[in-house]
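The values are calculated or read from the model by the stated rules, or taken from the named source; none is laboratory data. Owing to the predicted nature of the structure, the values given are computational and were not obtained by experimental measurement. Using ideal geometry, Cβ is built from the backbone for each residue, glycine included, and neighbour counts are taken over all protein chains shown.
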Amino acid sequence: MGSLIYGTSGIEISFDDRVLAHLELVINAKLRRRESFMLSWRDSPAVGDGRSSIWLDTAIPLYFRYSGSRIPLIDKEWLEELVMEASSTRGLVLADDPVTDQPVKSRDNSVKRKDHPAR
């Protein structure tokens, strides 16, 4: 389980390493072109099974931390779908992982902040 650490507040959002690798490629491509966008995902049932979103911009620090040492295989078709969705007016809304056909969710029980480690 990898993590996307967002902003100076250190919000930590956990995703499967495979999902995180695809997100990193999409985010890098968009931000290299200075294109900001919204990223949304479904929360785990442990936190109410809702939806969360963050705004991604070149001014916001990001850190990608993977739990495994191997680079996951990249699904070119899924990556292309994610890039197209990130360019849409509603932004990138993570849906099903095509390998597992399971909804992509943050797998954390909560969103953690470095200043609130109990969360």
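Within the range 18-55, count every residue that is surrounded by 14 or more Cβ atoms within 10 Å (Cβ to Cβ), within 15 Å of Ala95 (Cβ to Cβ) and free of Cβ contacts under 8 Å to residues at least 40 places away in the same chain.
Total satisfying the criteria: 0.
Given the conditions (1) part of a loop (DSSP other than H, G, I, E, B); (2) more than 17 Å from Ile11 (Cβ to Cβ), and given that Glu80 satisfies all but one, which numbered condition is not satisfied?
(1)
Return a yes/no flag: does the range 67-87 have any residue that is in contact with a helix residue (DSSP H, G or I) (Cβ under 9 Å, 6 or more places away or on another chain), at positive phi and touching a residue at least 24 places away in the same chain (Cβ under 8 Å).
So in the range 67-87, the residues in contact with a helix residue (DSSP H, G or I) (Cβ under 9 Å, 6 or more places away or on another chain) come out as 67-68, 70-75, 78-79, 82-83, 85-87.
Filter once more, keeping what is at positive phi: none.
The answer is no, given that none of the residues of the range 67-87 is in contact with a helix residue (DSSP H, G or I) (Cβ under 9 Å, 6 or more places away or on another chain), at positive phi and touching a residue at least 24 places away in the same chain (Cβ under 8 Å).
Can you report the number of residues in the range 34-49 which are closer than 15 Å to Leu82 by Cβ and assigned to a loop (DSSP other than H, G, I, E, B)?
Residues flagged as closer than 15 Å to Leu82 by Cβ and assigned to a loop (DSSP other than H, G, I, E, B) within the range 34-49 amount to 1.
Would you be able to tell me the number of residues in the range 56-79 that are of a type in the set (Phe, Trp, Tyr) and surrounded by fewer than 13 Cβ atoms within 10 Å (Cβ to Cβ)?
Qualifying residue count for the region: 1.
Scan the range 25-47 for residues that are out of contact with any Gly (no Cβ under 9 Å at 6 or more places or on another chain), under 15 Å from Thr58 (Cβ atoms) and not aliphatic (A, V, I, L, M) and jot them down. Even if it seems obvious, please write down each step before you answer.
Filtering the range 25-47 down to residues out of contact with any Gly (no Cβ under 9 Å at 6 or more places or on another chain) leaves 25-36, 41, 44-47.
From the residues that got through so far, the ones that are under 15 Å from Thr58 (Cβ atoms) too are 26-36.
Passing the criteria: Asn28, Lys30, Arg32, Arg33, Arg34, Glu35, Ser36.
Among the residues of the range 30-49, is there at least one that is modelled with pLDDT under 95, polar (S, T, N, Q) and over 14 Å from Leu4 (Cβ atoms)?
Within the range 30-49 (the criterion being modelled with pLDDT under 95, polar (S, T, N, Q) and over 14 Å from Leu4 (Cβ atoms)), the answer is yes, since at least one residue qualifies.
Counting just the residues of the range 55-74 that are assigned to a loop (DSSP other than H, G, I, E, B) and closer than 23 Å to Arg33 by Cα, which one comes out farthest from the chain's Cα centre (by Cα)? Give the derivation first.
Of the range 55-74, the ones assigned to a loop (DSSP other than H, G, I, E, B) are 57-61, 66-74.
Now drop any that are not closer than 23 Å to Arg33 by Cα, which leaves 57-61, 74.
Values: Asp57: 14, Thr58: 16, Ala59: 17, Ile60: 14, Pro61: 14, Ile74: 15 Å.
So the residue we want is Ala59.
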